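The values are calculated or read from the model by the stated rules, or taken from the named source; none is laboratory data. In this text the structure is predicted, and so the values were computed from the model without any measurement. All Cβ positions, even for glycine, are placed from backbone atoms using ideal geometry, and neighbour counts span all protein chains on display.
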Ligand SMILES: *Cc1c(COP(=O)(O)O)cnc(C)c1O
């Protein structure tokens with residue numbers, strides 16, 4: 001069955017014809033030698049956007065998190081992160097490659113408080129791992145696209161700083177938070193030592209993420225980029241797509257948020273379905289199908305017969321993600337298909 005409406009993730013976005021044109025015209029060189037002009041341009045753009053001195057282009061968001069952990073922690077250190085954080089679960093236990101442990105905080109929708117950070121920090125003694133890195137996910141993925149406020153970011157990172165702990169922002173969907181809140185990206189990122197954005201989610205590029213921080217931090221990150229096999233050659237082919245995305249696909253993210261809200265409204269009206277959170281802040285809609293009498297897998301299979309794909313996140317939990325490949329008319333059709341799948 002052909003998938004006509006793919007809500008499984010905002011990674012389902014395909015490069016547009018205009019983006020492909022930008023890719024075709026990209027000027028390129030050897031990235032590893034610092035000679036790729038398009039990659040250099042992209043990194044300068046993102047460093048400026050995030051208010052940092054420097055940035056480095058990487059193949060994926062997972063590699064950004066991995067390199068941040070490797071650079072900011074030492075073996076035996078511990079990371080503090082929300083229990084739903086991407087680095088905790090769907091990255092194969094990201095900390096393991098660096099012999100680092102993770103202590104989780106039970107926040108609300110992926111967002112925790114300064115008090116929780118305070119009580120999560122280990123005492124400094126010979127028996128405890130050293131709490132070394134705080135991770136903030138903006139927006140929260142498993143928290144349903146919730147946005148961290150600037151005040152809260154300031155509060156949690158100032159506790160960390162007081163204890164000599166570095167802060168890292170997993171900004172896979174930071175730009176969604178920017179567009180929705182009207183707060184410039186650099187305001188959110190000003191409190192963290194390390195921050196990255198994903199180009200291959202809602203921004204719609206095929207590959208890539210950009211990690212930013214101080215000049216010396218990014219210099220150190222380059223060792224890890226190389227060591228992990230993330231140093232590229234004519235990466236301008238990919239960077240051009242990222243530049244195009246940042247120039248053309250940012251403002252339109254608001255359409256995704258409006259579509260997500262419209263979809264949530266339709267979902268809420270279907271008997272047996274419960275939204276995980278009524279308040280849809282950005283582009284992620286989580287819902288529970290237990291009272292339909294079907295499992296999430298059943299519903300997903302039934303939806304596929306209508307050409308609609310929605311993610312299964314647990315036995316009864318599902319996730320629908322809006323993105324540039326989803327039109328407003330797709331939302332109405334998804335609502336109809338989902339009502340039929342639940343009947
Ligand atoms: C998708 C995602 C990642 C990983 O990004 P990739 O580019 O897919 O490797 C990390 N963190 C969050 C919150 C994500 O949603």
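Below is a table of values for the structure above.
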item	result
Test: residue in the range 156-166 that is in contact with a helix residue (DSSP H, G or I) (Cβ under 9 Å, 6 or more places away or on another chain), modelled with pLDDT of 95 or more, near the ligand (Cβ under 10 Å from one of its atoms) and part of a strand (DSSP E or B)	no
Members of the range 245-272 found to be surrounded by fewer than 20 Cβ atoms within 10 Å (Cβ to Cβ) and under 20 Å from the mean Cα position of the chain (by Cα), listed by number	246, 247, 248, 250, 251, 252, 254, 255, 258, 261
Extreme residue, farthest from the ligand (Cβ to nearest atom), among residues of the range 97-115 that are surrounded by fewer than 17 Cβ atoms within 10 Å (Cβ to Cβ) and farther than 17 Å from residue 168 by Cα	115
Subset of the range 201-215 [farther than 27 Å from residue 152 by Cα and either surrounded by fewer than 24 Cβ atoms within 10 Å (Cβ to Cβ) or out of contact with any strand residue (DSSP E or B) (no Cβ under 9 Å at 6 or more places or on another chain) (or both)]	204, 206, 207
Members of the range 179-215 that are within 13 Å of the ligand (Cβ to nearest atom) and either out of contact with any helix residue (DSSP H, G or I) (no Cβ under 8 Å at 6 or more places or on another chain) or part of a strand (DSSP E or B) (or both)	195, 196, 197, 198, 209, 210, 211
For residue 27: the one exception among (1) surrounded by fewer than 19 Cβ atoms within 10 Å (Cβ to Cβ); (2) part of a helix (DSSP H, G or I); (3) away from the ligand (no atom under 14 Å from the Cβ)	(2)
Selection status of residue 56, assigned to a strand (DSSP E or B), surrounded by fewer than 23 Cβ atoms within 10 Å (Cβ to Cβ), touching a residue at least 24 places away in the same chain (Cβ under 8 Å) and within 16 Å of the ligand (Cβ to nearest atom)	no
Of all residues making up the range 1-14, the number that are surrounded by 18 or more Cβ atoms within 10 Å (Cβ to Cβ) and in contact with a helix residue (DSSP H, G or I) (Cβ under 6 Å, 6 or more places away or on another chain)	2
The range 216-244, subset within 13 Å of the ligand (Cβ to nearest atom) and buried (at least 18 other Cβ atoms within 10 Å of the Cβ), residue nearest to the chain's Cα centre (by Cα)	242
Residue 144 touching a strand residue (DSSP E or B) at 6+ places or on another chain (Cβ under 8 Å), buried (at least 24 other Cβ atoms within 10 Å of the Cβ) and in contact (Cβ under 8 Å) with a residue 60 or more places away in the chain	yes
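Quick grid of which residues meet (1) surrounded by fewer than 24 Cβ atoms within 10 Å (Cβ to Cβ); (2) within 15 Å of the ligand (Cβ to nearest atom); (3) in a strand (DSSP E or B):
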{"position": "44", "(1), (2), (3)": "yes, no, no"}
{"position": "64", "(1), (2), (3)": "no, yes, no"}
{"position": "75", "(1), (2), (3)": "yes, no, no"}
{"position": "78", "(1), (2), (3)": "yes, no, yes"}
{"position": "90", "(1), (2), (3)": "yes, yes, no"}
{"position": "119", "(1), (2), (3)": "yes, no, no"}
{"position": "131", "(1), (2), (3)": "yes, no, yes"}
{"position": "139", "(1), (2), (3)": "no, yes, no"}
